[in-house]
Amino acid sequence: MRHKQPIYADTFAKHRRWGITGLAVAVVLIIVATVAYFALRNPRPSVHRYPVLGVQLTQSDGTQNFTSLHKQGVTFAYLKATQGSSYFDDDFNTNYSAGIASSVDVGVYHYFSFDSTPTAQADSFFKHVGSNTGTLPIGVYVTAYTELPSRERLSQNLQQFVNLLTKHYTGRRVVIMGSPTVLKLVQSVAKGAPRMVISTQHGDVGTHAFWEYTTGAPLPGGTGTKYTAIVYNGTRAGYRELLR
């Protein structure tokens, strides 16, 4: 007589297999979620390799408590001042006054436009910023917000704008900010000026003076507020030398 297997035996074995599989999947998902959480919450590059941390601020970030930023490890802040030939950041004056009264080093930057002349943009910068240029090199942010002009035209216009800035502010240094592609296009502009590379990839840093490594993540040990964060590519001594 053939032995009959209880009907529940196969069901139990299947449930057990499904249970083990489900548990393994759950563990993997928890690990992935944990890694993703900390990667998004604290993407800051090595504090030993890049000890000097900064942020980039626009009116989208609102007014800031710079004492709080300094407690979160922020050494410097770049404030957006102008864009093109007419735009002026609503919170620039408030943040600039608060920044220079704090322990945070302040820099200002202009968002370069392809639609207005270098002279018009420089005049707008001089009008709105005046002498409030901080202690960092004046930033010129160049991005492909629309189709980029030819390399020749872009380089010519950007060089003219930089010349106007350095003439008006008696030889003040500038820093050209842009993606690896943009920085390559304008490598002939202000050759001695430092660069700030905008990229999430460590391999793009190279010898650039600054690295904007995230456009929106909380600071390490911070309040959870997301910032565009930057590190100086060098030592604290090298950073201080840049301020002279």
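Identify all residues within region 202-235 that are open to solvent by 60 Å² or more (accessible area, probe 1.4 Å), in contact with a strand residue (DSSP E or B) (Cβ under 9 Å, 6 or more places away or on another chain) and of a type in the set (S, T, N, Q); write none if there are none.
Hits for region 202-235 are Thr207, Thr215, Thr225.
How about region 152-164: which of its residues are closer than 23 Å to Glu241 by Cα and within 23 Å of the chain's Cα centre (by Cα)?
Val162
I need the full set of residues from region 75-102 which are closer than 22 Å to Arg173 by Cβ, of a type in the set (Ser, Thr, Tyr) and open to solvent by 10 Å² or more (accessible area, probe 1.4 Å), in order please.
Across region 75-102, the qualifying residues are Thr75, Tyr96.
If I filter region 101-112 for residues that are in contact with a Gly (Cβ under 9 Å, 6 or more places away or on another chain), over 26 Å from Pro218 (Cβ atoms), in contact (Cβ under 8 Å) with a residue 40 or more places away in the chain and part of a loop (DSSP other than H, G, I, E, B), do I get at least one hit?
Yes: one or more hits.
Suppose we filter Val25, Val55 for residues that are farther than 30 Å from Asp123 by Cβ and either of a type in the set (A, V, I, L, M) or modelled with pLDDT of 95 or more (or both); which single one remains?
Val25
Just checking, does region 137-157 include any residue being more than 19 Å from Thr117 (Cβ to Cβ) and at pLDDT 95 or above?
yes
Please identify the pairs in which a residue from region 122-133 that is open to solvent by less than 30 Å² (accessible area, probe 1.4 Å) has its Cβ atom under 9 Å from the Cβ atom of a residue that is of a type in the set (Lys, Arg), counting only partners at least 6 apart or on another chain.
Correct list of pairs: Thr133/Arg172.
Give the residues of region 135-167 that are open to solvent by 20 Å² or more (accessible area, probe 1.4 Å) and within 23 Å of Ala77 (Cβ to Cβ), sorted by residue number.
Within region 135-167, Thr135, Tyr141, Thr143, Tyr145, Thr166 qualify.
How many residues are under 13 Å from Ile230 (Cβ atoms) and surrounded by fewer than 17 Cβ atoms within 10 Å (Cβ to Cβ) when one looks only at region 58-74?
Selection size over region 58-74: 1.
Between a first residue in region 65-93 that is closer than 25 Å to Gly221 by Cβ and of a type in the set (Phe, Trp, Tyr) and a second residue that is open to solvent by less than 20 Å² (accessible area, probe 1.4 Å) and assigned to a strand (DSSP E or B), which pairs have beta carbons less than 6 Å apart while being 6 or more apart in sequence or on different chains?
Phe76/Gly54; Tyr78/Gln56; Tyr78/Gly107; Tyr78/Tyr109; Tyr78/Gly139
Is region 170-189 home to any residue that is more than 15 Å from Tyr141 (Cβ to Cβ) and open to solvent by less than 40 Å² (accessible area, probe 1.4 Å)?
No, that holds for no residue.
Regarding Val47, is this residue modelled with pLDDT under 95 and open to solvent by 40 Å² or more (accessible area, probe 1.4 Å)?
Here the answer is no, as Val47 does not meet what is asked.
Among the residues of region 160-187, which ones are within 21 Å of Thr207 (Cα to Cα), out of contact with any strand residue (DSSP E or B) (no Cβ under 7 Å at 6 or more places or on another chain) and in a helix (DSSP H, G or I)?
If the condition is that a residue be within 21 Å of Thr207 (Cα to Cα), out of contact with any strand residue (DSSP E or B) (no Cβ under 7 Å at 6 or more places or on another chain) and in a helix (DSSP H, G or I), then Thr181, Val182, Lys184, Leu185 are the ones that fit.
The values are calculated or read from the model by the stated rules, or taken from the named source; none is laboratory data. All values reported here derive from a predicted model rather than from experimental measurement. Every residue, glycine among them, receives a Cβ derived from its backbone with ideal geometry; neighbour counts consider all protein chains shown. The area values use the complete protein model at the heavy-atom level, side chains included, leaving out ligands, DNA and RNA. Shrake-Rupley method; radii C 1.70, N 1.55, O 1.52, S 1.80 Å.
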